[in-house]
Structure formats: structure tokens, C-alpha cells
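Enquirer: Input: one structure, supplied below.
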Amino acid sequence: MSYKSLPSVDEILRDPRMAAILENCTHELALTVIREELGRIREEITREKNGPERHHIVSLVIRTAAERINKLQDATLKRVINGSGVVLHTNLGRAPLSREAAACTAELTQGYTNLELELASGKRGSRYQHLESTIMNITGAEAALVVNNNAAAVLLVLNTLGRDREVIVSRGQLVEIGGSFRIPEIMAMSGARMVEVGTTNKTHPADFAGAVNDHSAMLLAVHTSNYRIVGFTQEVELAELVEIGRQKGLPVVQDLGSGSLIDLSPWGLKDEPTVQKCLQTGVDLVTFSGDKLLGGPQAGIIAGKRKYIEQMKKNHLLRALRVDKLTIAALEATLKYYVKGDPTATVPVLEMLTRKHELLQQQAEGLAAAIRGEMQGFGKAFTLRVIEIMDKVGGGAYPLQDLPGYGVELTLEGDAEMLARQLRNQEPAMISRIQEGSLIISARTLLAGEDKLIPALLRRALEETKA
Ligand SMILES: *Cc1c(COP(=O)(O)O)cnc(C)c1O
């Protein structure tokens, strides 16, 4: 076997089997892929002093080219069924939108919009006009601004109010969220100088007051979303911070993180201060995410005093952090539910967090029955039962609090991890939970209709585990 007997690129392109492939990609891409595959085989021949037969080479190249090109056609962002029981799962895209909010977004973004146009006057408008009054009405803020995410919101606030000046923050609140949002780093990026006060477990009002000097720009409070320091601790209450800010003439900013717009304490979720409450305490600005407890798309919301919001609208950094029309459409549709007053029934995240215990049990039992039905006559030995489990809010909210829920537990002779892996490879992919060697599917985080898909997914995954 020598290079001379390698088929030419043209010969492969002319092969009738290529026709179907060429329908799915450009001629250039097919050429590149074929050249690369032939190159690989040429190397193999050099290395091994041997290689596949000529007619095998043609088939091999065509098959590999088809696989590669088909893979390029596959979307990498795929639908996932969340059986983990973690409602705000950052790896799974946090908040799912309601069907209506998603449809509204799709509808609006298929055409042109008045994104930056005042329809009445025909003059140029601002994209920031769209959500502002709705947020003001819901939160009671004087003004509001929406940016790309909460990290961007914090960056913009720090850069606008604190650049080349000092921002005072408690040592107990230097949070890291999701590995990439860290207060010291974002502070450095913003050009503000961070002044840490107090200690990890205790910070007193006097620590803040004592750190104020001529270079001070603002006092920052950060909600310790994803952890709690317990034991012998003290943080400065927001009201105290507001009082210090007032005395010293400095703005007080709270990075709330999750930023719930409704009080979830009737459902046992007590640690998350609402945006409204924060503003009522007198803070000048609050920042929070659109896709955590609010239940909307990825976005960062800044709400508070108009004079500061206006300064931020003039900051050129805003151009790099600006929110897209897709986000505006989805957030506007989500916020409508809050205006209507029934978000726990209509915003998926809130519906999941507030779903009745009995309903969760009923749903888990329905799912178990459907799985049993699908598995009739299936040889593989496993036991199936409905159990009480602990779900999580996730997204860095309520780190210490579990949500009592229900799930379907599958205990099998084989490897539960392997089954979990096979479930992730199905279409749609499914995420489950492994607990004490068993596989668990939580009822809480399943969306309407997904329970109907699970039995067949599970059967396929079990078959593949066995194979
Ligand atoms: C989640 C969170 C952030 C980051 O928000 P993103 O919307 O993910 O950018 C910042 N601060 C706090 C306190 C958070 O909880």
C-alpha cells in the first residue's frame, strides 16, 4: 500500500454516497473534511507502513465525513429534563421561562420592534425605557436599569459610583458565586478600591463608620447568597448601614443576588429579603438577577434612586453591558405576572417552590405508575418506590434550607451512576440524582408533560446500561 493508491478528493466527492452529505453542508466544508480524513489515512500509512484497502478508504472517508458533518448540524444547546430537584440549577440554565413568556419572546423577536424608537414621536428612544416603569411599579423604586446580568449590574454600580475611590464592604460578605463572580475581583475590574472592614464573623457599625474618609464613595452590602456564617457572628443590619450612609453623605448599595420580588416566607422560605423591603429600608440602590428567584431570563436589575440610575445611564461602560431585545421581551412577559399578582401560579420557578406537598406526592406516584407500566416484561431487576426527598432552591439562594418533596427512587442491581450517565445521553437528556447508590427523580422540577417522556427514556437508558 502506498500513497499513490490513495483515492483523490474528487473521486470521493463524485461517489454517489456523497450526494446526501453534500445536501447538508457547503462544498468547501465537504472538501476540508475529506482532505483532513485523507491526510489522517496518509499518516497512518506512513506510520504503520500499511493501511486500509483502497475501496475501504473511500467508504471510511465518506462515513467519517458524514459523522463529522452531522455532528456539526446538531445543536450543542439541548433540552434537558431536570429531575434533580434543584429548582435554580445554574448548570441547567437557571430559571425556565413560562410557555407564555417564551412564546411572547419568540413572537416579538421574529420581527422588528420599537426597541429604540418612540412610536408616538417617531424619534429615537432608549432600550432602557421598556422595563423601567414596570420595575418601578413592582418594587417601589424611583428608577431602574436592566443590564446583561447581576455581575454586570454590580460592575456598573461600582464603576459609576466608586471608580478611583473607596468602597467599604464587610469582610464577612466577600462572596464568591459560581466560581467566577467574586467581590474582590469585580471591585478591581471596576476601578474602585475595596476597603474591607470587620472580620470574617463579626462586623460592627463602628467598623464602617471608622473607615469613612474623603476618598470614600459608597457603602456596599452583599447578600451572602450561597453560604451562611453561623455561630458567633454579627453583620451590620441594613438599616444601620443606611443610617451611617445618611450621616456620612454616602450612597448605600445592596447586592441582593437572588432578589425575590415576593415574600416567600409563607412557604417556609424565610432568609431571602425582598427587593421591596430592601428599598424600604432606605438603601440607595439594589442589584439582583433576572433568572434566579424572579424566574425570568438572564439579566441584572438595578433599582433605586433616580440620580444614581441617571449617572449609570450616562456611563459608557453600559454600552458593553447592555441588555438584548430577547431579554427585554422575556423579562417584560415575566414581570407581567407580578403586576397581575399571581406569580406563584404562573412563574415556573415560583410555582415549583410553592407547590403543595400533596401534589408533589401525587405527581411522584403518577410517574412511578407510568414507569412500572413501561417496564412490564422488562427483564432487568430493579425496585421502584416513591420516597420523601429534600429538594433545593439552588442558584445560591437559601443554602441551608431544604424543601421537603417527593421523588421516584430506582434501585437496581447494576450501577446507578451508569444509568444516570445513559439518561444524560438520551434525547431529551435527563438529569437525575444519585443518593445512597439509588437513582432518584424529583417530581418538583419536572415541567408539564415531562413525566410522560420519562418512562420511555428510562427504558432506553436501562437497555443501554445492560448492553
Ligand atoms: C448570583 C449572584 C450574583 C451574580 O449574579 P448573575 O446574575 O449570575 O451575574 C452576584 N451577587 C450575588 C450576591 C449573587 O447571589
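Enquirer: Just need log10 I(q)/I(0) for the range 1-107 at q = 0.19, 0.23 Å⁻¹, Debye formula, equal scatterers on the alpha-carbon atoms, no solvent, rounded to two decimals.
Expert: -0.92, -1.21
Enquirer: Can you list the trypsin sites (Lys or Arg not before Pro) in the range 35-77 that are in a DSSP coil and have 10 or fewer other beta carbons within 10 angstrom? Don't skip to the answer; put the middle values down first.
Expert: Working: sites: Arg35, Arg40, Arg42, Arg47, Lys49, Arg54, Arg63, Arg68, Lys71; in loops: Lys49.
Hits after loop and neighbour filter: Lys49.
Enquirer: Here's a follow-up. Remind me, relative contact order of the chain in percent, using alpha carbon pairs under 8 angstrom and six or more residues apart?
Expert: Values: 818 pairs, mean separation 86.4, N = 467.
Over the chain, the number comes to 18 percent.
Enquirer: Which whole number of Å³ per residue matches the convex hull of the alpha-carbon atoms in the range 70-125?
Expert: Numbers: hull volume 9.4 nm³, N = 56.
Taking the convex hull of the Cα positions in the range 70-125, it is 169 Å³ per residue.
Enquirer: Same structure, new question: Compute the signed sum of charges (Lys and Arg +1, Asp and Glu -1) over the other residues within less than 13 Å, Cβ to Cβ, of Lys325. Each step should come with its number before you reach the end.
Expert: Details: positive: Arg127, Arg322; negative: Glu107, Glu116, Asp324, Glu332.
Once all neighbours under 13 Å are counted, the net charge is -2.
Enquirer: With all pairs of different alpha carbon atoms counted, what Kirkwood hydrodynamic radius in Å does the range 406-467 show?
Expert: Result for the range 406-467, one decimal place: 11.7 Å.
Enquirer: Would you compute, from DSSP H runs of 4+ residues alone, the mean residue ellipticity of the chain at 222 nm, taking -39500 (n - 2.57) per run and dividing by the full residue count, rounded to the nearest 500?
Expert: For the chain, the value works out to -13500 deg cm²/dmol.
Enquirer: Moving to a separate point now. Report the accessible area of Met218, computed with a 1.4 Å probe over the heavy atoms of all protein chains in place, in Å² rounded to the nearest 10.
Expert: Here the accessible area works out near 0 Å².
Enquirer: Also, quick follow-up: Give the calculated FRET efficiency between Lys305 and Arg182 to the nearest 0.05, with a Förster radius of 25 Å applied to their Cβ-Cβ distance. Write out the running numbers ahead of the final one.
Expert: Working: r = 27 Å, r/R0 = 1.06.
Efficiency at R0 = 25 Å is approximately 0.40.
Enquirer: Just to be sure I follow the definition: excluding the sites themselves, where is the longest run in the chain that has none of the GluC sites (Glu not before Pro) in a DSSP loop with at most 10 other Cβ atoms within 10 Å? Spell out each step's value before the answer.
Expert: Details: sites that count: Glu23, Glu413, Glu436.
With GluC sites (Glu not before Pro) excluded where exposed in loops, the chain gives 24-412 as its longest stretch.
Enquirer: Still on this structure: Report the Stokes-Einstein translational diffusion coefficient (µm² s⁻¹, integer) for the range 308-438, Rh taken as the Kirkwood radius over Cα pairs, at 20 °C with viscosity 1.002 mPa s.
Expert: Values: Rh = 18.8 Å.
My calculation gives 114 µm²/s for D.
Enquirer: I'd like the Kirkwood hydrodynamic radius of the range 385-425, using the inverse of the mean 1/r over distinct C-alpha pairs, in Å. Mind showing how you got there, number by number?
Expert: Values: mean 1/r = 0.0812 Å⁻¹.
Over the range 385-425, the inverse of the mean reciprocal pair distance is 12.3 Å.
Enquirer: For the range 146-250, taking Cα atoms only, what is the radius of gyration to one decimal and the Dmax to the nearest whole Å?
Expert: 13.3, 38
Enquirer: Work out how much length Leu359 to Val230 would gain on full extension: take 0.36 nm times their residue separation and subtract the Cα-Cα distance, in nm to one decimal. All intermediate terms of the calculation are to be shown ahead of the outcome.
Expert: Details: separation 129, 0.36 × 129 = 46.44 nm, distance 3.40 nm.
Contour length minus the Cα-Cα distance gives 43.0 nm.
Enquirer: Stretch Leu77-Thr134 to full length: gain in nm at 0.36 nm per residue minus the Cα-Cα span? Write down the numbers at each step before the final one.
Expert: Numbers: separation 57, 0.36 × 57 = 20.52 nm, distance 3.13 nm.
That pair, Leu77 and Thr134, stretches by 17.4 nm at full extension.
Enquirer: Then there is this: Of the beta bridges DSSP finds with both residues in the chain, what % are antiparallel, to the nearest 5? Spell out each step's value before the answer.
Expert: Values: 34 of 58 bridges.
So the antiparallel bridges amount to about 60 percent of the total.
Enquirer: Here's a follow-up. For the range 35-85, just the Cα set please: Rg and Dmax, both in angstrom.
Expert: Computed over the Cα atoms of the range 35-85, radius of gyration and Dmax are 17.4, 56 Å.
Enquirer: A follow-up question, please. What distance in nm separates the two pseudo spin-label positions at Asp324 and Glu388, each 7 Å out from Cα along the beta-carbon direction?
Expert: Reported label-point gap for Asp324 and Glu388 is 4.4 nm.
Enquirer: Please state the charge dipole magnitude for the chain, taken about the Cα centre, from unit charges on C-beta atoms (+1 on K and R, -1 on D and E), reported in debye and rounded to the nearest 20. Please list the in-between numbers first.
Expert: Working: 55 positive and 57 negative charges, 155 e Å.
Value, rounded to 20: 740 debye.
Enquirer: Let me ask you something else. If you take the charge dipole of the chain about its Cα centre, with +1 on Lys and Arg Cβ and -1 on Asp and Glu Cβ, which of Thr233, His316, Tyr337 is farthest toward its positive end?
Expert: Most positive-ward Cα: His316.
Enquirer: Right, something else. At a temperature of 4 °C and a viscosity of 1.567 mPa s, determine how fast the chain diffuses translationally according to Stokes-Einstein, using the Kirkwood radius over alpha-carbon pairs as Rh; express D in µm²/s, rounded to the nearest whole number. Intermediate values should be presented prior to the final figure.
Expert: Numbers: Rh = 25.9 Å.
Here the translational diffusion coefficient equals 50 µm²/s.
Enquirer: Be a star and scan the range 50-77 for residues whose amide nitrogen sits under 16 Å from the point 7 Å along the Cα-to-Cβ vector of Leu22.
Expert: 62-63, 65-66
Enquirer: Over every pair of different alpha-carbon atoms in the range 11-60, take the mean of 1/r and invert it; report that Kirkwood radius in Å.
Expert: On the way: mean 1/r = 0.0852 Å⁻¹.
About 11.7 Å for the range 11-60.
Enquirer: Just round it to a whole percent: the fraction of Cα-Cα distances in the range 207-287 exceeding 19 Å. Can you show the working numbers first?
Expert: Details: 1345 of 3240 pairs.
Value for the range 207-287 (Cα pairs over 19 Å): 42 percent.
The values are calculated or read from the model by the stated rules, or taken from the named source; none is laboratory data. Remember, it's a predicted structure, so these values are computed and weren't measured experimentally. Counting neighbours? That spans all protein chains shown, and the Cβs are built from the backbone with ideal geometry, glycine included. These area figures cover heavy atoms from the full protein model, side chains too; ligands, DNA and RNA do not enter into them. Shrake-Rupley method; radii C 1.70, N 1.55, O 1.52, S 1.80 Å.
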